[in-house]
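Since every read-out is calculated from the coordinates, none of them should be taken as a lab result. Keep in mind that this is a model prediction, so the values were computed, not measured.
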């Protein structure tokens, strides 16, 4: 993980304002990094803040899966995903898959603002960092 982080920003409908508030509060720090967001979240952030952000598809239309693929390809470093624990999402399986990929590839993940605050204020955030990736090859050989 290089000093300039590749950060994904995702929020369910009921949490978009929370994420926007967090992004505004941390805009100076975030502007020095490469940002990605799913469709509507990215639109809201880009319209409200003067921050460059790569917009992917909306979560239910494949944006969560795009982020999962980016994680698998080593193209993301951090996931800030403010999800709504009180509302069932029609694409829950995609959300679970995205969170699974984050754990599989040992990506820092924030699912609430407190954790996002801890990640962005960590001394590890500002420098290079080499995460330890578990070797899952023994699992692959079992399934063949």
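Computed on the chain, with alpha-carbon pairs under 8 angstrom and 6+ residues apart, the relative contact order is 28 percent.
Indicate the gyration tensor shape class of segment 60-144 (rounded, prolate or oblate), computed on the Cα atoms with a ≥ b ≥ c the square roots of the eigenvalues: a/c under 1.5 is rounded; otherwise a/b larger than b/c is prolate and the rest oblate. Oblate shape, in that a/c is at least 1.5 and b/c is the bigger or equal ratio. For the chain, dividing the convex hull volume of the Cα atoms by the residue count gives 112 Å³ per residue.
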